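Have a look at the structure below before the remarks.
Values in this text are rule-based calculations from the coordinates and carry no lab data. Because the structure is a prediction, the values reported are computed rather than measured. For neighbour counting, all protein chains shown are included, and Cβ atoms are generated from backbone atoms with ideal geometry for every residue, glycine included.
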Amino acid sequence: MDRKCSFLNLTLEDWSLINTLSNAYDIWALDNDQNFLNNYSLSDSSLTDFLNDEQYVYRNLIQFFKQIPHFKQLHLEDQILLIKCNITHVVHIHHVLKDDFEENSKIGLFMSKWISNDFHRRMSKTRHSMDIFLKHPTVLKISLVTLMFIINLSRLPFQQLSFELIDRPLLIENQNFFITLLWKYLNVIYNETDAIKATQSIIFQFLRYQLLMDEMENIVLQQNNTEQFHPLTKSVLRLT
């Protein structure tokens, strides 16, 4: 594991959870992932194809989250709401880890064609902001779980805005736990100043990606027949 030899800020239970989390991610999300880009062509493949293939990525990540005790203890309905609201905003962290921090050159060609050069430029810039964690990928694995606990029900489709969390206090408790775990881990591998910078980078990058995904979803709504999408893709992109 990528860490300094210091247990001052993390308990043995914390380290055990981090190891469990990291191993679960490698097994359920990383080892099961596929790269569909190599099968695409500029003449025949579409944004719809890409987004439908992303449903396999979503499934792998959902299986990973189900291995996390704090996520499993939530009511199933709350788990579903968190996935619907957050998974498209954390999936980019998975792609960074999956690609070992190397951006596939083909994604630029496809995104430039499907959306625009400027959209890909902004997406790529946001992605590469995570390069600072190249030597500490566990930071991103912990961040995946931490960000999944964000409460943002405004991302639900209009007809579902009346949905409410069943156990909001438990969700907040678990969210605070992982925020603290991430902060403690950052303070083990960095000094406090760099830990603060790392935290800011994670937050700003998450917000930038949220704006980009909102933009992509609006484009999809305007340009595509939503019936062409896989049900899971439709759900997480708020197309239903």
Relative contact order (%) - region 108-240, alpha-carbon pairs under 8 angstrom, separation at least six:
29 percent
Under 21 Å Cα to Cα from residue 141, which lysines show up? Leave out anything in the same chain fewer than 8 places away.
4, 66, 72, 84, 98, 125, 184, 197
How many angstrom separate the Cα center of region 168-226 from the Cα center of region 58-94?
14 Å
Expected max-MSF residue from 68, 132, 87 in the GNM of the chain (alpha carbon, under 10 Å) is 132
Identify which of 30, 97, 12 has the largest mean-square fluctuation in a Gaussian network model of the chain, with springs joining Cα atoms closer than 10 Å.
12
Angle between the chain longest axis and helix 12-24 axis [Cα atoms, degrees, rounded to 10]:
20 degrees
Length-normalised contact order for the chain - Cα pairs under 8 Å, 6+ apart - percent:
31 percent
Once the Cβ-Cβ distance between residue 46 and residue 73 is put in as r, and R0 is 35 Å, what FRET efficiency do you end up with, to the nearest 0.05?
0.30
How many percent of the alpha carbon pairs in region 21-130 exceed a separation of 24 Å?
29 percent
Give the range of the longest stretch in the chain that excludes all GluC sites (Glu not before Pro) found in loop regions by DSSP and having at most 11 other beta-carbon atoms within 10 Å.
1-101
Computed [θ] at 222 nm, deg cm²/dmol, the chain (DSSP H ≥ 4; -39,500 (n - 2.57); rounded to nearest 500):
-21000 deg cm²/dmol
For region 84-212, what is the Kirkwood estimate of the hydrodynamic radius, computed as the reciprocal of the mean inverse distance between distinct Cα atoms, to one decimal in Å?
16.1 Å
Pulled fully out, how much extra length does the chain show between residue 225 and residue 176, if you take 0.36 nm times their separation in residues and subtract their Cα-Cα distance?
13.7 nm
How long are the semi-axes of the equivalent ellipsoid of the chain, taking √(5λ) for every eigenvalue λ of the Cα gyration tensor, in whole Å from largest down?
30, 22, 16
When ranked by the protection proxy of mean other Cβ atoms within 10 Å per residue, highest first, what sequence do the peptides 204-212, 133-141 form?
133-141, 204-212
